Amino acid sequence: MTVVLDMLMVLCGGTVGTLLGRLYYNSGGKSKWVATLMQSGGSPLLAIPLLLTPPHPAEERQPAAPPSKVAAVYVGIGVLLGFDNLMYAYALLYLPVSTFSLVAATQLGFNAITSRLINAQRFTAPIANSVVVLTFAAALLGIGSASDDETTSSSDVAPRGKHALGFVLTLAASASFALILSLFEAAFEKVIMARTTRWVLKVQMCTNLVATAVGVVGLFASGEWRTLPGEMAAFKNGRARYVLTLVGTAVCWQAAAVGTVRLTARVSSLFANVTGTVALPLVPVFAVVLFGDRMTGIKAVAMLMAVWGFLSYVYQHYLDGRRAAASGKGAECGVVCTAARTAGVSA
């Protein structure tokens, strides 16, 4: 049940966060560093559920993780996450939305590689099918939205001389995020050696605080902070909507991030990435209602492909669960039979 809840957090948080991020730009927002900060700036809110969550009995029995190693996890992953957010912000500036979505779809393929190399992820036919179908669904969605980009401002403001750099940055950001998810999984397994709710919240909050610090330093170092009062004043429908848009975006991305980290800790980084990729075709459906975007046949096919790929991965976990249950019953039967034979010999 908790896995289903985590999946809903990833899907709903990622979808609403993306829509609010688009609302920020559509309403007059222009700061790349603010867009970067919105992805991790809501991390202090995690202190509330962290304080309200009682320690798990297993945390008291197991030895404490070395503080130096835990700090290295926080700083290392946090800095990597901060620069990953920055690369995505710049890539989206330098590329049309359709091209950006197409290249960003490689994230799932990168994660398949990193999860195999770092986490020893076992690949089966359903998992391979899931990765391929979801990657093609995201790519199809990116290609199909090319006509929509002609009417958006993102295509107009994208510097033509920066397209190659945007392509490289998108590839680098996709590979970086795939690496981050695999490092999260490795950290829970080899350093923290606990997968409780408190540890998930603690790791998520601390790594995102480091990423936020990277964003704040960049905001002041770049001088963009000077433009924020004018941006707020010129924002569509006033300052209150500006603040609510930023706060809502930050909260949604933190909900999605917590769900992602929990899925990484409870299942695998690949499963978390597959769940996040399912949210990609959901965005156009809501964009049709909220922003008046056109729903094309390609978008509908991409959404169906994403659902099929996700169900393929879920089916593999269903098979693994049945296999584990059968192994448990077999082992139990072996113990009972051995005990019965021993009793017979004793008699």
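The values are calculated or read from the model by the stated rules, or taken from the named source; none is laboratory data. Nothing here was measured: the structure is a model prediction, and the numbers come from that model. Cβ sites come from the backbone with ideal geometry, for glycine too, and all protein chains shown count toward neighbours. Accessible surface is based on the protein model in full, side chains and every heavy atom, while ligands, DNA and RNA are left aside. Shrake-Rupley method; radii C 1.70, N 1.55, O 1.52, S 1.80 Å.
Observations on the structure shown:
- Meets criteria (out of contact with any Ser or Thr (no Cβ under 9 Å at 6 or more places or on another chain), modelled with pLDDT of 75 or more, more than 30 Å from MET305 (Cα to Cα) and assigned to a helix (DSSP H, G or I)) for ALA65: no
- When restricted to residues that are surrounded by fewer than 16 Cβ atoms within 10 Å (Cβ to Cβ) and touching a residue at least 24 places away in the same chain (Cβ under 8 Å), segment 120-131 contains 1.
- Among the conditions (1) modelled with pLDDT under 80; (2) in a helix (DSSP H, G or I); (3) open to solvent by 50 Å² or more (accessible area, probe 1.4 Å); (4) farther than 30 Å from PRO44 by Cβ, TRP308 misses just one, which is (1).
- In segment 196-212, the residues that are over 18 Å from the mean Cα position of the chain (by Cα) and open to solvent by 50 Å² or more (accessible area, probe 1.4 Å): ARG198
- Within the set ALA279, ALA173, ALA265, the sole residue that is crowded, with 23+ Cβ neighbours inside 10 Å and either touching a Cys at 6+ places or on another chain (Cβ under 6 Å) or closer than 25 Å to LYS30 by Cα (or both) turns out to be ALA173.
- Residue match in segment 82-98 (condition: β-branched (Val, Ile, Thr), at pLDDT below 80, under 18 Å from the mean Cα position of the chain (by Cα) and closer than 26 Å to SER31 by Cα): no
- Residue check, GLY161 part of a helix (DSSP H, G or I), modelled with pLDDT of 75 or more and not polar (S, T, N, Q): no
- Filter pass, SER154 being of a type in the set (Ser, Thr, Tyr) and either at pLDDT below 80 or assigned to a loop (DSSP other than H, G, I, E, B) (or both): yes
Residue-wise test of (1) in a loop (DSSP other than H, G, I, E, B); (2) over 29 Å from SER268 (Cβ atoms); (3) out of contact with any Ser or Thr (no Cβ under 8 Å at 6 or more places or on another chain).
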{"residue": "LEU8", "(1), (2), (3)": "no, no, yes"}
{"residue": "VAL16", "(1), (2), (3)": "no, no, yes"}
{"residue": "TYR24", "(1), (2), (3)": "no, yes, no"}
{"residue": "LYS30", "(1), (2), (3)": "yes, yes, no"}
{"residue": "TRP33", "(1), (2), (3)": "no, yes, no"}
{"residue": "THR36", "(1), (2), (3)": "no, no, yes"}
{"residue": "SER40", "(1), (2), (3)": "yes, no, no"}
{"residue": "LEU46", "(1), (2), (3)": "no, no, yes"}
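- Residue match in segment 292-301 (condition: modelled with pLDDT under 75, in a helix (DSSP H, G or I), farther than 30 Å from LEU46 by Cβ and among the polar types (S, T, N, Q)): no
- Test result for ARG241, assigned to a helix (DSSP H, G or I), over 23 Å from GLY82 (Cβ atoms) and modelled with pLDDT of 90 or more: yes
- Within segment 31-44, one or more residues are surrounded by fewer than 21 Cβ atoms within 10 Å (Cβ to Cβ), out of contact with any Asp or Glu (no Cβ under 8 Å at 6 or more places or on another chain), modelled with pLDDT of 85 or more and of a type outside the set (Lys, Arg).
- Residue ID - modelled with the lowest pLDDT, chosen from residues in segment 50-62 that are open to solvent by 50 Å² or more (accessible area, probe 1.4 Å) and part of a helix (DSSP H, G or I): GLU60
- Check on LEU219, surrounded by 12 or more Cβ atoms within 10 Å (Cβ to Cβ), under 26 Å from GLY78 (Cβ atoms) and either in contact (Cβ under 8 Å) with a residue 24 or more places away in the chain or out of contact with any helix residue (DSSP H, G or I) (no Cβ under 8 Å at 6 or more places or on another chain) (or both): yes
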